Structures are given as structure tokens and as C-alpha cells.
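Structure incoming, see below.
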Amino acid sequence: MNIDMIRAAATRLAGHARVTPLLSSPFLDDIAGRPVFVKAECLQHTGSFKFRGGWSAVSALTPDQQAKGVIAFSSGNHAQGVAMAARAHNAPAVIIMPSDAPAVKIANTRALGAEVVLYDRDSESREEIGEALSATRGLTLIRPYDEPQVIAGQGTTGLEIAAQAAEHGVTDAQVLVCCGGGGLTSGIALALAAEAPDMRVHPCEPQGFDDVTRSLAVGAIQRNNQMSGSICDAIITPQPGNLTFPIMQAHCGPGIVVSEDDCLRAMALAFERLRIVVEPGGAAALAAALFQSDSDTPVIAVATGGNVDAAMFTRALETLT
């Protein structure tokens, strides 16, 4: 992985991915005690940054590979990103999703033309299911984070952050990223190392699922003890990726762990002050920026996704009362 791959992905994404805005609010600045900027990837196609990696990976395939089709596993956001990219390239798509994924994510993935295969994330391995199906059907497996072209696509978010922050006169900042397997975090870290070296990336995770934070602390990959039970489903993975972890080791600062309650509060404040809809896992970085501030350095939080059920969003809004 290198910056040239990210720049090449940006070229392929031009005219297809949205350049999402960098938002701010004085009310959020007051809560955090420092300037807060929010990179609104919840406004990306399919409602999350995952479209970037999906398009990058599918567009890099040969015509023969595209004709045979692709397969991916995801709790929903990577699923939708790959499904939309595959449809645009006339490539069949099979998506393996956990049976407890939010219903809206499953429905949206099917609506994008993908075949959805459900599995039990506590007792079955999505990797094993994916590898078996790809072998029997001749499909190309597009992993959600441990895939060079996916990391390259996610890294285009970092290129935009560097350019947009500079327009605000910000070159020195903490960049907080909601982190599952580390594809977005490592991609942004690589991009910023080249384009804005005074910015420091920090992965943000929910309590009880802090494998990246623990891995960075001890210098070796650590696993989560469980794979379900958090409202932050979008960023629950077994462990950091074998490709992403060394990149995060080289370019990221310590991880930050946030509570579910703070994620819900961040969701509500994002809606109230920025008028954007963010899902629990997509609000982890903003939660860290608002409620765990230990510096007056400007902070940029990536709001990674907005695919949330109405009931969960209502639960978040109730924290405002």
C-alpha cells in the first residue's frame, strides 16, 4: 500500500463518489472546548464511506472478473457500497451479511440488486462462507478492509480532509476515525502522512470491542472476545486486518474507546447542530471528539455512516430531552 494507489483510486472515483463536506458548528466547539470539524461521509452514496472502497475495488477488476461477479461480507455498509459499484459495472454481486444486521441495511443491499446470504456471526465464519462461495462460483472476493484496493478507495477520504482542512487554515489537527478492521483508518492515515503530515489519526471504537486500541497498545494483533451485543454494529470486527494493522502502527496515535451512550448523544448532536443523520458506529469518532477532549488542537471527526433504523435514531434523539 502507498499513496500512489490512493491517488489512482481518487482518479477512478472522480465523478462517481461525492466529495463530502467538512462541517462545523460553534455549539459543538463549545462542548469540546476546541474547534471541531465533521467529515460527513454519512452523505456519501449508499450512506457511508464504504462506497469509495467498493468502487475502487470493482473498477480495478478486469472485464472478465467483473463479468463473473464479486462477493463480499459485511454488516451492511460495505455490502451496499460493493453492491452499488457492482451494479454500475454490470457485475453480479453476492453479499454475506449477519442475520442480526439492521433490517434497513439488508433491505437496501437487496434493493441494489445483490444476492444476500445471511449467517450467524456468533457461530459461523463469514470468511469461510465467502471463500467457499467464491471458489465454487468463480466470484472475486472483495474483503471489507484487508484489501489493498479497498484501503486505497477509503484513503481518498484523507485526501479530501487534507484539502478541505487547509481551506479552513487547519494543518495541525487530531483526526478521529470510527474503526472496525482499519481500512478507513489506515487509508486516511496513509493519505495524511503524505498530504498533511502534522495531522495525527486516532482510531475510535466502542467499549467491549476495542481490538484495535488494545492491539496498538501492546504492539500485536488482539481479538475481540465476542462479535455481537453492541449498537455500533458497523465497526464490530474480530480483529484488526493483517494489512491494516502495520499501517496503523506506523501512522496512528493511540486508540480512543467510547461508550454507547456517548455515541447516542453524538448522533443527537450531529442531527441537532449539523442536520446530518449518523448511525451509532458512525458516531464513535464524534463522540470521542466531543466528550473525551484533552487538547485545544482542532479535531476532525469522520462521521462514517448514516444507515440507522428509525427506532435507534429515535432512541438517540431522546438523549436531547
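The values are calculated or read from the model by the stated rules, or taken from the named source; none is laboratory data. Everything numeric here is computed off the predicted structure, so don't read it as measured data. Every residue, glycine as well, gets a Cβ built from its backbone with ideal geometry; the counts of neighbours run over all protein chains shown. Ligands, DNA and RNA are stripped out before the accessible areas are found, and what is left, the full protein with its side chains, is counted by its heavy atoms. Shrake-Rupley method; radii C 1.70, N 1.55, O 1.52, S 1.80 Å.
Could you tell me which of the residues 48, 59 is in contact (Cβ under 8 Å) with a residue 40 or more places away in the chain and out of contact with any Gly (no Cβ under 7 Å at 6 or more places or on another chain)?
Values: 48 fails: out of contact with any Gly (no Cβ under 7 Å at 6 or more places or on another chain).
Exactly one residue qualifies, and that residue is 59.
Of the residues in region 71-114, how many are crowded, with 20+ Cβ neighbours inside 10 Å, at pLDDT 90 or above and under 22 Å from residue 156 (Cα atoms)?
The qualifying residues number 7.
Tell me yes or no: at least one residue of region 124-133 is among the small types (Gly, Ala, Ser) and within 22 Å of residue 204 (Cβ to Cβ).
There is no residue in region 124-133 that is among the small types (Gly, Ala, Ser) and within 22 Å of residue 204 (Cβ to Cβ).
Looking at region 118-136, which of its residues are more than 30 Å from residue 247 (Cβ to Cβ) and touching a helix residue (DSSP H, G or I) at 6+ places or on another chain (Cβ under 8 Å)?
Initially, region 118-136 is screened for residues more than 30 Å from residue 247 (Cβ to Cβ), giving 118, 120, 123, 136.
118 - this is the single residue of region 118-136 that is more than 30 Å from residue 247 (Cβ to Cβ) and touching a helix residue (DSSP H, G or I) at 6+ places or on another chain (Cβ under 8 Å).
How about region 144-159: which of its residues are open to solvent by less than 30 Å² (accessible area, probe 1.4 Å) and either on the phi > 0 side of the Ramachandran plot or part of a helix (DSSP H, G or I) (or both)?
150, 151, 152, 153, 154, 155, 156, 157, 158
Find the residue count for region 140-175, including only residues that are farther than 16 Å from residue 82 by Cα and of a type in the set (Asp, Glu).
Of the residues in that region, 3 qualify.
Where in region 1-77 are the helices (runs of 4 or more DSSP H), entirely inside, with at least 2 residues that are at negative phi and among the acidic types (Asp, Glu)?
Output list reads 26-32.
While we're here: Go through region 270-289 and report how many residues are in contact (Cβ under 8 Å) with a residue 40 or more places away in the chain and surrounded by fewer than 24 Cβ atoms within 10 Å (Cβ to Cβ).
6
For residues that are in a helix (DSSP H, G or I), of a type outside the set (A, V, I, L, M) and surrounded by fewer than 24 Cβ atoms within 10 Å (Cβ to Cβ), tally how many sit in region 160-184.
3
Please determine, by comparing only the residues of region 21-49 that are charged (D, E, K, R) and open to solvent by 30 Å² or more (accessible area, probe 1.4 Å), which one is nearest to residue 169 (Cα to Cα).
29
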